[in-house]
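The values are calculated or read from the model by the stated rules, or taken from the named source; none is laboratory data. What you are looking at is a predicted structure, and each value in this text was computed from that prediction instead of being measured. Glycine also receives a Cβ, built like all others from the backbone with ideal geometry; neighbour counts cover every protein chain displayed. Accessible surface is based on the protein model in full, side chains and every heavy atom, while ligands, DNA and RNA are left aside. Shrake-Rupley method; radii C 1.70, N 1.55, O 1.52, S 1.80 Å.
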Amino acid sequence: MKVLVTGASGFVGSTLCAHLIAKGHAVRGAVRRASDKPLPGVDVRVVSDLSADTNWSEALAGINAVVHCAARVHIMNEASVDPLTAFREVNVKGTACLVKQAVDSAVRRFVYISSVKVNGEVTDGNPFRADDTPAPEDSYGISKWEAEQALRGIADETNLEIVIIRPPLIYGPGVSANFLRLMQGIMLGVPLPLGAINNIRSMVALDNLVDLIETCLDHPKAVDQTFLVSDGEDLSIKSLLQRIAVALGKPARLIPVPVSVLWVILRLFGRADFAQRLCGSLQVDISKTRDCLGWSPPVSVDDALRKTAKYFLSH
């Protein structure tokens, strides 16, 4: 199969390209700049920023399936005065533009990497399910939901087969943002005031995500479906830190500061969103993914953490 991967030089895209090549697929990768990191074995094409006017004709020529990873991602310190409009320009209009041109190029299947944020931000004992009524709260989640709707609207009027995957937090070699900061804190021996957080959160290892994406490229039962994905084992922040520490070969210096105190402190510093991600629960139910596709996460949490730690230590 000849597959186009957008965002091919990104965290998910680069690993996906390598995985697909190893499985015998021909891979074309769309990147924003020619200077992006090398992608061995990938037919790289430079495509301008995602927008309603992007020309995808060269990148789509001869392609059987598209995996759309590129997006304007969730930003911790948002600088735009109108974040929702900025997200819509890229994630909704840019995606719709790509999908329409994919149809014109006779692409058979389109796999869209969405986000669990379409389901919502927190769970309270009842995990999100793939077919729950969407309830996005922030601009990023809203734009991903609107992109899903645009994708389905185009597919309903054409022969395009679509698959939507909504991952929670993705970790693996090269992970950045808060996950990287937690690893750095443990590595430096910094006492972390997170020892009393016993929430429950689903995550997905990068290797598990790309394995599911490959499954969705040609599985007949994946057509027109939405899937949630995780490692199949949910962890509290406290447990996650302890297992990261084991992977790094370092002690986890965790101080049991009451969660209520952490909430107050983080809110005082204008980080209520971070407090929610740190202290709140977010679980996903992947039973539909397992049952429909016969898929199970091939990599355990501890194996994925060891691989992530090994990369971190070597870089």
Looking only at the range 128-145, count how many residues are under 12 Å from Y112 (Cβ atoms) and either open to solvent by 30 Å² or more (accessible area, probe 1.4 Å) or part of a loop (DSSP other than H, G, I, E, B) (or both). 1
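Yes or no: L217 over 25 Å from L180 (Cβ atoms), modelled with pLDDT of 95 or more and in contact with a strand residue (DSSP E or B) (Cβ under 8 Å, 6 or more places away or on another chain)?
Details: over 25 Å from L180 (Cβ atoms): yes; modelled with pLDDT of 95 or more: yes; in contact with a strand residue (DSSP E or B) (Cβ under 8 Å, 6 or more places away or on another chain): yes.
It is true that L217 is over 25 Å from L180 (Cβ atoms), modelled with pLDDT of 95 or more and in contact with a strand residue (DSSP E or B) (Cβ under 8 Å, 6 or more places away or on another chain).
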So which of G24, G7 is open to solvent by 60 Å² or more (accessible area, probe 1.4 Å) and small (G, A, S)? G24
Of those in the range 242-259 that are open to solvent by 80 Å² or more (accessible area, probe 1.4 Å) and not in a loop (DSSP other than H, G, I, E, B), the residue nearest to K307 (Cα to Cα) is V246
Restricting the range 201-232 to residues that are open to solvent by 20 Å² or more (accessible area, probe 1.4 Å) and among the β-branched types (V, I, T), which is nearest to I244 (Cα to Cα)? T215
Within the range 262-280, the residues that are open to solvent by 40 Å² or more (accessible area, probe 1.4 Å) and not basic (K, R) are W263, V264, I265, L268, F269, G270, A272, D273, F274, Q276
H19, sole failed condition from (1) of a type outside the set (A, V, I, L, M, F, W, C); (2) open to solvent by less than 60 Å² (accessible area, probe 1.4 Å); (3) in contact (Cβ under 8 Å) with a residue 40 or more places away in the chain; (4) in a loop (DSSP other than H, G, I, E, B): (4)
Among V73, V67, which is buried (at least 21 other Cβ atoms within 10 Å of the Cβ) and closer than 20 Å to I113 by Cβ? V67
Close pairs from the range 89-100: first open to solvent by less than 10 Å² (accessible area, probe 1.4 Å), partner in a helix (DSSP H, G or I), Cβ under 7 Å, at least 6 apart: N91/S143; N91/K144; N91/A147; T95/A147; T95/A150; T95/L151; V99/L151; V99/I154
Among the residues of the range 111-159, how many are among the hydroxyl-bearing types (S, T, Y), out of contact with any Pro (no Cβ under 9 Å at 6 or more places or on another chain) and under 19 Å from H68 (Cβ atoms)? 2
Filtering the range 192-237 down to residues that are of a type in the set (K, R) and either more than 20 Å from R152 (Cα to Cα) or in a loop (DSSP other than H, G, I, E, B) (or both) yields R201
Flagged pairs (Cβ under 6 angstrom, 6 or more apart or on separate chains; first in the range 120-145, within 19 Å of R201 (Cα to Cα); second at pLDDT 95 or above and among the basic types (K, R)) are A130/K288; P136/K117; G141/K117
When W295 is evaluated against the numbered criteria (1) out of contact with any helix residue (DSSP H, G or I) (no Cβ under 8 Å at 6 or more places or on another chain); (2) among the aromatic types (F, W, Y); (3) open to solvent by less than 50 Å² (accessible area, probe 1.4 Å), which criterion, by number, is the only one it fails? (1)
Mind listing whichever residues of the range 180-200 are open to solvent by less than 40 Å² (accessible area, probe 1.4 Å), in contact (Cβ under 8 Å) with a residue 12 or more places away in the chain and in contact with a Leu (Cβ under 9 Å, 6 or more places away or on another chain)? L182, M183, I186, L192, L194, G195, A196, I197, N199
In this structure, does A150 turn out to be within 30 Å of A106 (Cα to Cα) and open to solvent by 20 Å² or more (accessible area, probe 1.4 Å)? yes
